[in-house]
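Laboratory data are not the source of any read-out in this text; all were calculated from the coordinates shown. From a predicted model like this one, the values you see are computed outputs, not experimental measurements. We place every Cβ from the backbone using ideal geometry, glycine too, and count neighbours over all the protein chains shown.
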Amino acid sequence: MKFLFEILKQISVSGDESSVSASILQYIDQRKDHWNVIPIIYSGENFHDCILLKFGEPRTAVFAHMDTVGFMTRYNNQLISIGGPEIIEGSVLVGSDSLGEITCKLHGDENEIYHDFPRGIDPGTSLSFHQNVRLDEDFIQAAYLDNRLGVYSAMNLCETITDGWVVFSTYEEHGGGSMPFLLKFIQNTSPVRQALISDITWITEGVQFHKGVVISIRDKYIPRKKFIDRIIKLAKESGIPFQLEVEEFGGSDGREVQFSPYAIDWCFIGAAEENVHTPDERVSLADLEAMLNIYPFLLERL
Amino acid sequence: MKFLFEILKQISVSGDESSVSASILQYIDQRKDHWNVIPIIYSGENFHDCILLKFGEPRTAVFAHMDTVGFMTRYNNQLISIGGPEIIEGSVLVGSDSLGEITCKLHGDENEIYHDFPRGIDPGTSLSFHQNVRLDEDFIQAAYLDNRLGVYSAMNLCETITDGWVVFSTYEEHGGGSMPFLLKFIQNTSPVRQALISDITWITEGVQFHKGVVISIRDKYIPRKKFIDRIIKLAKESGIPFQLEVEEFGGSDGREVQFSPYAIDWCFIGAAEENVHTPDERVSLADLEAMLNIYPFLLERL
Amino acid sequence: MKFLFEILKQISVSGDESSVSASILQYIDQRKDHWNVIPIIYSGENFHDCILLKFGEPRTAVFAHMDTVGFMTRYNNQLISIGGPEIIEGSVLVGSDSLGEITCKLHGDENEIYHDFPRGIDPGTSLSFHQNVRLDEDFIQAAYLDNRLGVYSAMNLCETITDGWVVFSTYEEHGGGSMPFLLKFIQNTSPVRQALISDITWITEGVQFHKGVVISIRDKYIPRKKFIDRIIKLAKESGIPFQLEVEEFGGSDGREVQFSPYAIDWCFIGAAEENVHTPDERVSLADLEAMLNIYPFLLERL
């Protein structure tokens with residue numbers, strides 16, 4: 001889990017993902033010779049801060065977003081949201097601007113958010129939750145588990161995958177915008193008809209801790225029933241613990257697969273967390289393990 | 001109207017359109033040798049559940065969506081909406097899951113919808129309104145007229161069309177998602193600059209029964225005035241009864257033509273109904289006849 | 001400023017931009033031989049009412065939208081909005097339909113808008129604010145400054161630009177729809193990785209008159225920080241007065257660059273106005289001058 005702890009330390013609010021992207025790229029570079037298959041790596045300014053890995057002959061693409069929710073400084077001591085962070089009085093926020101490192105506290109509510117940093121902060125500076133990783137026998141608790149765990153799961157898949165795309169995307173928390181060019185590149189390079197979204201969902205009345213990885217039948221958007229039925233059938237065969245989600249709201253990079261100009265089926269698969277978009281996101285280690293296990297199983301068989 | 005009655009029986013909630021798609025494909029197969037021009041048929045997994053027919057040298061594409069609104073089972077006896085169905089206490093819903101056929105009643109309201117089926121239903125099962133087709137001298141009344149009548153009109157056009165695309169799309173009721181890849185395929189195969197949306201609109205203070213097919217000047221989105229003016233001019237020449245719609249809300253597959261990366265003009269043309277998205281949608285037979293008549297007239301001249 | 005006064009007279013509500021497009025095209029035709037570089041001009045039905053100018057070897061594209069907010073006649077004497085015009089009791093509206101010229105007054109509020117023209121107006125007719133241009137030493141005040149000033153600035157850039165795209169788009173005020181095909185054409189013809197949005201923003205608590213052209217760090221959407229940082233660095237070097245904007249709401253053609261299937265960085269740069277979307281939009285001449293000056297400076301260096 002060293003890599004996970006490494007990326008949990010990185011700040012990467014939507015629009016400002018360059019540092020976590022560099023970390024992931026560095027890790028890939030260090031590890032890739034130990035992987036089952038050495039991928040072709042696509043990154044750099046032509047891909048903004050995104051990273052694509054092509055292994056063998058892909059039939060399926062796996063997407064994990066690198067960005068997190070956070071805040072941006074506005075005028076005076078005002079803050080505005082990036083993505084949908086919970087506004088919790090007293091939250092510790094961190095970042096940096098032209099004058100140096102910043103640690104401050106959030107005050108206010110949805111109507112007006114501000115910080116208490118003693119000096120002004122450059123307008124347009126990204127701040128995000130102070131990190132505090134807590135691990136016990138059953139749970140991991142930290143900021144940014146959404147979607148550091150999805151990135152971690154996608155990276156774990158890289159160890160054994162023989163055929164497939166593994167893609168690290170940006171901007172997911174703030175409406176998206178990198179998926180369209182990533183999908184275009186994939187379809188023009190080595191096209192797929194299937195996409196899995198490696199991301200973290202929510203504990204709800206129907207999705208509970210320790211019941212396994214979540215296969216989402218729908219959120220705000222609805223994947224094609226034919227594909228979901230096939231995933232569920234495979235999941236049953238795998239013996240890996242899983243639970244089904246049927247929600248009316250929420251979205252993911254799957255939304256952009258749905259609305260892309262390609263006939264690509266998609267499904268969201270990931271562990272569930274409580275305290276979503278707070279510094280205290282919490283995920284069951286058993287559910288995370290099921291997430292880590294189901295991706296290699298599915299990638300081989302889909 | 002045998003084909004219309006056939007497809008009115010089919011359940012095809014957004015995301016789960018495979019059975020109506022198979023019916024339409026079967027009908028095309030049976031009828032196509034009797035059509036004026038035999039089309040090239042594009043369907044199958046590369047097109048998900050959509051169907052495209054290419055007749056001659058297309059200048060215009062006609063789109064009719066195959067899906068309908070409905071409900072999806074969530075946890076326990078909860079239901080959530082697919083598209084925007086009216087929530088009417090006591091509505092009879094039908095569907096099937098792994099344990100067999102389902103007929104149940106809807107209870108609750110917009111805040112919480114549930115069913116009264118005596119056993120649990122598999123989460124993620126699609127349910128839709130029980131069908132009851134009523135026909136008299138002036139009206140047809142049934143569930144799913146939106147958009148079975150649009151499909152019927154598009155199929156009727158196939159009898160005589162010499163040049164054009166006729167396309168059956170999915171997901172229209174739930175935000176769309178098939179139009180982007182359909183449009184891309186069309187533009188890469190035999191491009192067009194004009195699109196007509198064969199769909200059903202609403203009776204309002206300005207759109208009334210028996211006044212003819214509706215040509216929509218706008219809904220939430222606004223087609224280009226130049227194109228609408230040309231359509232209206234042709235409609236006047238046709239002698240076919242029509243009325244003009246100017247609405248602030250609502251959308252159709254035209255929205256996705258508007259936002260596509262192609263300079264394609266579009267216009268919504270179809271009969272109007274009352275009791276929208278209920279089991280009791282009602283359309284004037286005279287308006288339907290005008291709809292059936294205007295499509296061949298326009299396709300020849302546009 | 002003769003060209004600016006010329007286009008301020010033109011009505012071009014979203015969806016009905018053909019007359020302003022013709023004026024701009026005519027002006028380009030008259031002026032282009034005096035420009036530093038003669039561009040390749042793309043226009044006509046394949047581009048709907050949009051115009052693209054390709055100068056030299058483009059690295060950056062500049063977008064200015066030609067449409068304005070306004071109203072559309074519905075049934076009886078009702079009006080509905082196009083874009084988001086302010087609804088001000090007694091505003092004078094102008095337009096024309098099949099029976100001739102129209103000048104009338106707006107009555108009502110957001111819930112119900114109507115006009116007082118003594119005869120019925122053809123349904124689907126576009127009306128917009130009566131124009132009244134006021135110029136003094138410090139300010140220009142008129143309807144449609146958003147985005148006639150952006151068009152004017154883009155046209156001014158044409159005088160000296162050596163390499164770049166200058167593009168006049170449609171539909172920006174009403175959700176967009178021309179940008180996707182414009183971007184596709186650009187990327188297939190002579191691709192770029194950078195886009196600037198030549199448009200007018202709002203006076204707010206952080207953006208004030210006479211403080212210079214606005215470089216927007218974000219509105220509802222968030223451009224990539226790497227690119228914004230580069231723009232701000234260049235702006236500082238230029239000595240041209242500028243101010244930074246950080247807003248939570250609002251959008252521009254930049255939104256469609258963000259969601260396009262191309263990895264193109266974007267930034268909104270333009271003067272700020274008060275009385276947005278009214279007949280009395282007001283812009284500082286000093287801010288306009290800074291806008292006119294920054295575009296040639298940036299285009300050369302980006």
Worksheet entry | Summed residue charge, Cβ within 12 Å of B:Leu149's Cβ, Lys/Arg positive, Asp/Glu negative | -4
Discussion item. For the ranges B:198-205, A:139-146, B:10-17, what's the packing order if you count other beta-carbon atoms within 10 Å of each residue, average per peptide, and put the highest first?
Written reply: B:10-17, A:139-146, B:198-205
Worksheet item: Taking R0 as 22 Å, what's the FRET efficiency between C:Thr160 and C:Asn46 from their Cβ-Cβ distance, rounded to 0.05?
Response: 0.15
Worksheet item: A:Val214's amide H: which non-local residues (gap 5+, or another chain) put their own amide H closer than 5 Å, with H modeled 1.01 Å from N in plane and none for Pro or chain starts?
Response: A:Gln243, A:Gly270, A:Ala271, A:Ala272
Worksheet item: Along the Cα-to-C-beta direction of A:Ser18, a point sits 7 Å from the Cα; which residues of segment C:224-252 have their amide N less than 16 Å from that point?
Response: C:224-235
Response to the item:
Inter-part gap, Cα centre of segment B:140-197 to Cα centre of segment C:33-50, in whole angstrom, is 34 Å
Worksheet item: Looking only at other chains, what is the average number of their beta-carbon atoms within 10 angstrom of each beta-carbon in C:197-208?
Response: 1
Worksheet, complete the sentence: If unit charges are put on Cβ atoms (+1 for Lys and Arg, -1 for Asp and Glu) and the dipole of segment A:70-129 is taken about its Cα centre, the option from A:Phe117, A:Gly70, A:Gly90 lying farthest towards the positive end turns out to be A:Phe117
Worksheet entry | Shielding score for B:174-180, defined as the mean number of other chain Cβ atoms within 10 Å | 5
Worksheet item: How much net charge surrounds B:Ser260 when only other residues with a Cβ under 10 Å from its Cβ are counted (Lys, Arg +1; Asp, Glu -1)?
Response: +2
Worksheet item: Which residues' amide hydrogens lie under 5 Å from the amide hydrogen of C:Ala195, considering only partners 5 or more residues apart or on another chain, with H built in the peptide plane?
Response: C:Ala61, C:Asp265, C:Trp266, C:Cys267
Practice prompt. Would you mind working out the magnitude of the charge dipole of segment B:70-129 relative to its Cα centre, with +1 at each Lys and Arg C-beta and -1 at each Asp and Glu C-beta, to the nearest 20 Debye?
Written response: 160 debye
Worksheet entry | Cα-centre dipole for chain B with unit charges at Cβ (Lys and Arg positive, Asp and Glu negative), debye to 20 | 1160 debye
Item to complete: Can you pull a Stokes-Einstein diffusion coefficient for the protein assembly as shown at 4 °C (1.567 mPa s), Rh from Kirkwood over Cα pairs, as a whole number of µm²/s?
Response: 44 µm²/s
Discussion item. Tell me the net charge near A:Arg224. Cut-off is 12 Å between Cβ atoms, A:Arg224 excluded, with +1 for each Lys or Arg and -1 for each Asp or Glu.
Written reply: -2
Practice prompt. Mind listing the label-point distances from A:Asn46 to the same position on all other copies, shortest first, one decimal in nm, points 7 Å along Cα→Cβ?
Written response: 2.6, 2.7
Worksheet item: What are the principal axis extents of the Cα atoms in segment B:1-120, in Å, biggest first?
Response: 52, 29, 28
Worksheet item: Taking H as built 1.01 Å from N, whose amide H comes closer than 5 Å to the amide H of A:Leu93, not counting residues under 5 places away?
Response: A:Cys104, A:Lys105, A:Leu106, A:His130
Worksheet item: What residue of chain B has the nearest C-beta to the axis that moves B onto C, and what is that distance in Å, given as a whole number?
Response: B:Pro261, 4
Worksheet item: Looking at this model, which pairs from A:Lys32/A:Lys226; A:Lys54/B:Lys184; B:Lys184/C:Lys54; A:Lys32/C:Lys225; A:Lys220/B:Lys32; C:Lys32/C:Lys226 are more than 27 angstrom apart at the alpha-carbon?
Response: A:Lys32/A:Lys226; A:Lys32/C:Lys225; A:Lys220/B:Lys32; C:Lys32/C:Lys226
Worksheet item: Given R₀ = 25 Å, FRET efficiency for C:Glu112-B:His210 by Cβ-Cβ distance, to 0.05?
Response: 0.35
Response to the item:
Across 5 Å bins beginning at 0, the whole-percent shares of Cα-Cα pair distances in segment C:164-211 come to 5, 15, 23, 19, 12, 13, 8, 5, 0
Worksheet item: Starting at 0 and stepping by 10 Å, how many percent of the alpha carbon pairs of segment A:126-176 end up in each bin?
Response: 19, 41, 31, 9
Worksheet entry | Alpha-carbon gyration tensor eigenvalues x 5, square-rooted, for segment C:70-129, Å | 16, 11, 11
Response to the item:
A correct Stokes-Einstein calculation for segment A:172-302, using the alpha-carbon Kirkwood radius, 4 °C and 1.567 mPa s, returns a whole-number D in µm² s⁻¹ of 85 µm²/s
Practice prompt. Would you please give the FRET efficiency between C:Leu25 and B:Glu89, computed as 1/(1 + (r/R0)^6) with r the Cβ-Cβ distance and R0 = 51 Å, to the nearest 0.05?
Written response: 0.30
Worksheet entry | Spatial separation of Cα centroids for segment B:99-128 and segment C:234-293, in angstrom | 51 Å
Worksheet entry | chain C: mean projected area of Cα convex hull, nm² | 15.3 nm²
Item to complete: Just need the relative contact order of segment B:70-129 here, percent rounded to a whole number, with Cα pairs under 8 Å and 6+ apart.
Response: 42 percent
Worksheet entry | Karplus-derived HN-Hα couplings along segment A:109-117 (A = 6.51, B = -1.76, C = 1.60, θ = phi - 60°), whole Hz, x at Gly and Pro | 8, 3, 6, 7, 10, 8, 10, 10, 5
Worksheet item: Across the residues of B:120-128, average count of Cβ atoms on other protein chains within 10 Å?
Response: 3
Discussion item. Helix-only estimate, please: 222 nm mean residue ellipticity of chain B, summing -39500 (n - 2.57) across DSSP H runs of length 4 or more and dividing by its residues, to the nearest 500.
Written reply: -8500 deg cm²/dmol
